[in-house]
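Scroll down for the structure; my scribbles are underneath it.
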Amino acid sequence: MKKYSILILLFILILSCTKSVNKNDALDVFVSVLPQKYFVERIAGDKADVHVMVLPGHSPATYEPTPSQMKEISDADLYFRIGVPFEETWMNKLEHLNPDMTIIDTRKGISLRPMDSFLSLQNKMSHDHHAEKHESHDHSHQLDPHIWLSPELVKRQAITICETLQEHDYANSAHYQTKLQSFIDELTALQQYVQERLSNITHRTFLVFHPSWGYLADEFDLIQIPIQIEGKSPTPKELAEIISFAQEEHIRVIFVQKQFSTTAAETVAQAIDGKVISIDPLAEDYLENMRTIVNTFREVLDED
């Protein structure tokens, strides 16, 4: 009986070790924002456990990791960063917490655009000397981190993700390559869908609170006009200029996102007899979210 009990205990111990090995077979991966989680999961499948740092409903500009996240990241194999503001404060701390974690910058090979400001885009749309005179007052030098909102740039990020996974898990290289190709094919289909939906819209200029959509606008020949100026709500004078501009351009909708205050946007909407519509650049289901957003753009920008 005693021998039987020892065998049972030995079996449980072996089973426990086997489960531990199987769990460790999957790479432990961290990303900064939810769309990245989607990208990595599309390419890794069940070969990685993916955790997102900026939790739903929070802003990547002000986020602070929770104690449980700090504990989890101490065991992570990879971190895919993307350039959102919270990284500037926290990446060195996270790297110090886990020196063995490989940090990959998914901006690799991508030319970053400056963050849009109201003045710079007003100048872009106007060719008179009055607009040129304002050029020197645009002090926005911050680079735009929202590279996940251009399907073409997501393809480049996906390649970087795939190559990294292959380097750290060579045995499953073919798996990652197959998943990458499938994802790129879906991104190409998304690009065709967006192009088709936006090809004949009446207006190509849209008003936003936070300038998240610059890369999408660049790829599909749109112009975003932000209310937020250098990360802050506009002054009363700046607000008056934005309202005047919106009236001149017959803009009736302001796009906002749940991570930021809507007060300034609502003030503009009231002044132009318009409305505020919420769209989310940080939704996890990237392909579905982009189609929803593009359909919203078409409906709004196609209005006379």
Next item on the list: Among the aspartates and glutamates, select those whose C-alpha is under 12 Å from the C-alpha of Lys47, and discard any that sit fewer than 8 residues away in the same chain.
Entry: Asp25, Asp28, Asp169
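If the limit is 25 Å between Cα atoms, which of Lys93/Lys232; Lys155/Lys275; Lys237/Lys275; Lys71/Lys108; Lys37/Lys108 go over it? Don't skip to the end; give the middle numbers.
Working: Lys93/Lys232 27 Å; Lys155/Lys275 34 Å; Lys237/Lys275 21 Å; Lys71/Lys108 28 Å; Lys37/Lys108 18 Å.
Beyond 25 Å: Lys93/Lys232; Lys155/Lys275; Lys71/Lys108.
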Next item on the list: Please give the contour-minus-distance gain from Thr202 to His58: 0.36 nm per residue of separation, less the Cα-Cα distance, rounded to one decimal in nm.
Entry: 48.4 nm
Notebook entry, point to check: Stretched out fully, how many nm does the piece from Glu241 to Asp49 gain, at 0.36 nm a residue minus the Cα gap?
Noted result: 64.3 nm
Next item on the list: Starting with the highest mean, order 95-102, 70-77 by the number of other Cβ atoms within 10 Å, averaged over the residues of each peptide.
Entry: 70-77, 95-102
Notebook entry, point to check: Which of the peptides 170-181, 284-295 is most tightly packed, and how do the rest follow, judged by the mean count of other Cβ atoms within 10 Å per residue?
Noted result: 284-295, 170-181
Next item on the list: Multiply the residue gap between His250 and Tyr170 by 0.36 nm, knock off their C-alpha separation, and tell me the result in nm, one decimal place.
Entry: 23.3 nm
Next item on the list: Treat each spin label as a single point 7 Å out from the Cα along the C-beta direction, and report the Ser182 to Lys275 distance in nm.
Entry: 3.9
Checklist line | For segment 196-239, alpha-carbon Rg relative to the globular expectation (2.2 N^0.38 Å, N residues) | finding: 1.34
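Quick note: the coordinates plus some simple rules give every number you see, no bench work behind them. Predicted model only: the values in this text are computed from it and were never measured. Cβ coordinates were reconstructed from backbone atoms using ideal geometry, including for glycine residues, and neighbour counts include every protein chain displayed.
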